[in-house]
Amino acid sequence: MKKKVLVLTGGGDCPGLNAVIRGIVKRAAQTEDWEVVGSIQSFDGILREPMETIELTEKSVAGIHYQGGTILGTTTKGGPFAWPVKQEDGTWNFIDRSDEMIQKLKDMGIEAVISIGGDGSQRISQKLYEKGLNIIGVPKTIDNDLSATDYTFGYQTAVQIATEAVDRLVTTATSHNRVIILEVMGRDAGWIALSAAIAGGAEICLIPEITYDLNKILKVINNRFKQGKGHVIIVVSEGAKSVNGNVLAQKSDEIGNENLKLGGIASKLLKDLKDAGCEADMRETVLGHLQRGGVPIAFDRILATQFGVKAMELALEGDFGKMVAFRHPEIVAVSFLEAISKYNFINPDSSLVKTARGIGMSLGD
Ligand code: F6P
């Protein structure tokens, strides 16, 4: 009987997930004694009755490396440690089903699990590893906010999409002499915003790591128009905040999704600028999930494939409790504890920030 590796994708989707799955399956197929099973919607596929799993073969993953989304589906709610159960009064209770799930995996003959997910998923991986599960992690997120890896796959695709948005907004903003504010994703890290702002040549970029002063932004806008320069593009990260303000966030309405829903800063900024006396005509654009959907660019396909192959190799070696990571030019394995210990913020003294300032971009401070 062949040995089985279980693969799943958890948390928000991200371009490149399918390329990781394909990398795992192709590497496993070279061994003759391993087969790959996919769990539908993260661990939910195992916990549901009946279970929802699919056999992943070279044939079933052929050509999926350039498809967006994930063929396995994903979820941002619950998980084995907090499975939502509806009560008679309509409220929800969360129960720990991790032991039951580990037993189910044993009964299925699963020898290794590869969990493709962000920091939340890797925290779950660490807890399952502590309970004795043979588990390996693959980092994913468009936010690039995991410090253990130089880059996460999906991030460069998101930057490409945000840059194209800036390029398009420049032509319409110039035609109308407008200020256009573009809100991008990234949660508490400004990687997508700052990279797209530099690549697209935005005049102002606001990131969570540097609080902004509204009056300074207004001054930049007024100076530009005084000099006869016809437009201003502001790229603002969803997690940005003013010196005396807070991040705009709401509780998610998805049962079991503990993550706050960020967003609304572009609209707030436009209103605040107007209230502060900005006379320019202003518009806002929220890029939203366009940054997560669709095909991954080549860089992300390559990185995702490397992660998939490396994760399968760790399974073959029996090297568990680790997450694969990119440390240029190598793909390495780091412990889950290291992987989840530090958030990857932009250092305000970093060369990326210096580059932005060096080309005259205002960071609102
Ligand atoms: O973490 C990735 C991300 O796209 C963030 O940039 C964003 O805040 C969040 O997920 C949105 O998640 P969703 O709308 O899927 O809950």
Inset, instruction - Out of all DSSP beta bridges with both ends in the stretch 182-263, state the antiparallel percent to the nearest 5. - result: 20
Inset, instruction - Could you compute the FRET efficiency for Lys219 and Lys3, with r as their C-beta to C-beta distance and R0 at 51 Å, rounded to 0.05? - result: 0.20
Legend entry - Loop-located GluC sites (Glu not before Pro) in the stretch 29-102, at most 13 other Cβ atoms within 10 Å (DSSP): Glu32, Glu58, Glu88
Inset, instruction - Work out from phi, with θ = phi - 60° and the Karplus expression 6.51 cos²θ - 1.76 cosθ + 1.60, the ³J(HN,Hα) of each residue of the stretch 138-143, listed in order in whole Hz, and give x for Gly and Pro. - result: 10, x, 9, 4, 6, 6
Inset, instruction - Please figure out what share of the DSSP beta bridges in the stretch 147-304 is antiparallel and state it in percent, rounded to the nearest 5. - result: 10
Legend entry - Computed FRET value (nearest 0.05) for Lys271 with Met51, which takes r as the C-beta separation and R₀ as 45 Å: 0.35
Inset, instruction - Of the DSSP beta bridges with both residues in the chain, give the percent that are antiparallel, rounding to the nearest 5. - result: 30
Inset, instruction - Taking the chain as the reference, fit the longest principal axis to its C-alpha atoms, fit the long axis of helix 214-226 to the helix C-alpha atoms, and give the angle between the two in degrees, 0 to 90, nearest 10. - result: 60
Inset, instruction - Quick one: angle between helix 265-275 and the longest Cα principal axis of the chain, in degrees between 0 and 90, rounded to 10, please. - result: 20
Legend entry - Label point distance in nm, Asp99-Ser252, each placed 7 Å from Cα along Cα→Cβ: 2.7
Legend entry - Under the Karplus curve 6.51 cos²θ - 1.76 cosθ + 1.60, θ = phi - 60°, whole-Hz ³J(HN,Hα) for the stretch 228-236, x wherever Gly or Pro sits: x, 7, x, 7, 9, 10, 10, 9, 10
Inset, instruction - In a Gaussian network model over the chain where Cα atoms closer than 10 Å are linked, find which of Phe94, Phe153, Phe307 has the largest mean-square fluctuation. - result: Phe94
Legend entry - Amide H contacts under 5 Å for Glu52, placed H, 5+ residues apart: Ile40, Ile46
Inset, instruction - Quick one: which residues, 5+ away or cross-chain, put their amide H under 5 Å from the amide H of Leu206? H built at 1.01 Å from N. - result: Val235, Val236, Ser237
Inset, instruction - Convert each backbone phi in the stretch 55-63 into a coupling constant with the Karplus relation 6.51 cos²θ - 1.76 cosθ + 1.60 (shift: θ = phi - 60°), then list the ³J(HN,Hα) values in order as whole Hz, x for Gly and Pro. - result: 7, 10, 10, 4, 5, 6, 9, 4, x
Inset, instruction - Quick one: check the C-alpha center-to-center distance for the stretch 282-310 versus the stretch 233-267, whole angstrom. - result: 20
Legend entry - Cut-off under 5 Å, modelled amide H: who pairs with Ser147 long-range: Lys342, Asn344
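The numbers here are math on the coordinates, done by the rules we state, and not lab data. Fair warning: this is a prediction, and the values are worked out from it, not measured in the lab. Here the Cβ is made from the backbone with ideal geometry for all residues, glycine too, and neighbour counts use every protein chain on show.
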